[in-house]
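**Student:** Below you'll find the structure I mean.
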Amino acid sequence: MASPSRFAPFVFLLLVIRSTARPLYPLPGKGNHGSRQPLQTFRPYNIAHRGSNGELPEETHQAYMRAIEEGADFIETDILSSKDGVLVCFHDVILDDTTNVANYKEFADRKRTYEVQGVNTTGYFIVDFTLKELKSLRVNQRFSFRDQQFNGKFQIITFEEFITIALDAPRVVGIYPEIKNPVLINQYVKWSGGKKFEDKFVETLHKFGYKGSYLSKNWLKQPVFIQSFAPTSLLYISNQTDLPKVFLIDDVDIPTQDTNQSYWEITSDTYLDYIKQYVLGIGPWKDTLVPVINNYAMTPSDLVSRAHARNLQVHPYTYRNENKYLHFNYSQDPYKEYDYWINNIGVDGLFTDFTGSLHNFQEWTAPNHHDNTASKLLHEIALLASPYE
């Protein structure tokens, strides 16, 4: 047998590579001998909010691919419609803030003022552009304090293109689309046969084989959560699909966009008893679950416990790594925030702009993680040393 000094350089090289590359654990789907690793359901879901948009411009093909690489369980998107009725992935009803539309002279006369959720809004509305025109635009990073080097490089994608990204992933990756601003879309976009925005949304899911109730065989094969701030949209599609639905809840001073109900009404026991007949869970803004005063997170409300008592899941939004979003309680540490929400509040899923960070936290804190990674490392060292024996 060769002396240890013969293979010491290889051990050192392995340690250097491992310490500078990806963490010591495999991402979901790796090492599965060719079969697609199923969706994990044993811990809170890692929901890639608009893709890995902390790193790349939101709702783009590239942002979703990055999120999948980083370990997302679900990729999340907002669904709107073009003027010619094609469903697209985009968050705002206006194009102004996250595209370069203002640079196009041919679109200078497209600026309009429409009422959106009771407020007069002026801008370049997505419903005034055909898909071809939308495809000619390029997406920009929303926040100035995030990486700007990819501005103007990526296209807007369609709902169907978004679905294909998930279905083509090397492991099972769920989708989490939102029926976005249905009141506005149904007002300005018309489909043949009297169909509505919600009809086209569900038709697209059916076209790609999405079906089944939560945790059913069909659902586990192609997981999806349907979300909306509009309760009437969720009730409407409940007659068309048994796919799980999540009712999104905005800030305490913002009424529902279609029924004009207050936050206090839709989070009451009476309303939770009603809505649980149609939805699997709720998706509240996290600062309503744990109120914030002077950037300090205060005593949590009882909404999570009341939801759980009714078998409703809770998927709060949005977790972000930047200091301006991390309350002082968390010492500017996103892992400390994740720990609090998962282990103290007990949420069932988290919408995050930084998919990799949440994945890292959950892997590093998984039971027996350290034992497993040490064993894998020793195994790899042994494989490197074996030729010298």
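Here, each number is a calculation from the coordinates, and none is a lab measurement. It should be emphasised that the depicted structure is a prediction, and the values quoted were computed from it without experimental measurement. Cβ atoms come from the backbone with ideal geometry, glycine included; neighbour counts cover every protein chain shown.
**Student:** ³J(HN,Hα) across the stretch 303-320 via Karplus (A = 6.51, B = -1.76, C = 1.60, θ = phi - 60°), whole Hz, x for Gly/Pro?
**Tutor:** So the J values, rounded to whole Hz, are 4, 5, 5, 5, 5, 5, 5, 9, 6, 9, 6, 10, 10, x, 9, 10, 9, 9.
**Student:** Taking R0 as 41 Å, what's the FRET efficiency between Asn368 and Tyr271 from their Cβ-Cβ distance, rounded to 0.05?
**Tutor:** The formula returns an efficiency of 0.50 here.
**Student:** If you don't mind, another one. Calculate the FRET efficiency for Glu322 and Ala108 from the Cβ-Cβ distance with a Förster distance of 45 Å, rounded to the nearest 0.05.
**Tutor:** 0.85
**Student:** Fully extended, how many nm does the chain gain between Asp199 and Asn344 (0.36 nm per residue separation, minus their Cα-Cα distance)?
**Tutor:** 48.3 nm
**Student:** Also: Counting only helical runs of four or more DSSP H residues, what would the 222 nm mean residue ellipticity of the chain come to if each run contributes -39,500 (n - 2.57) and the total is spread over all its residues?
**Tutor:** -9000 deg cm²/dmol
**Student:** DSSP loop (so not H, G, I, E, B), at most 13 other Cβ within 10 Å: list which chymotrypsin sites (Phe, Trp or Tyr not before Pro) in the stretch 53-111 pass both filters.
**Tutor:** Passing sites in the stretch 53-111 do not exist.
**Student:** Now a separate question. What do the square roots of 5 times the Cα gyration tensor eigenvalues come to for the stretch 44-365, in whole Å, largest first, as semi-axes of the equivalent ellipsoid?
**Tutor:** 28, 24, 21
**Student:** If you don't mind, there's one more thing I want to ask. Can you give me the long-range amide H partners of Val116? Hydrogens built in the peptide plane at 1.01 Å from N, cutoff under 5 Å, separation of 5 or more residues or another chain.
**Tutor:** The list, which skips near neighbours in sequence, is Thr121.
**Student:** Tell me which residues come under 5 Å, amide H to amide H, from Thr99 once H is placed; ignore anything under 5 positions away on its chain.
**Tutor:** Under 5 Å from the amide H of Thr99 lie the amide H atoms of Asn140, each far enough along the sequence or on another chain.
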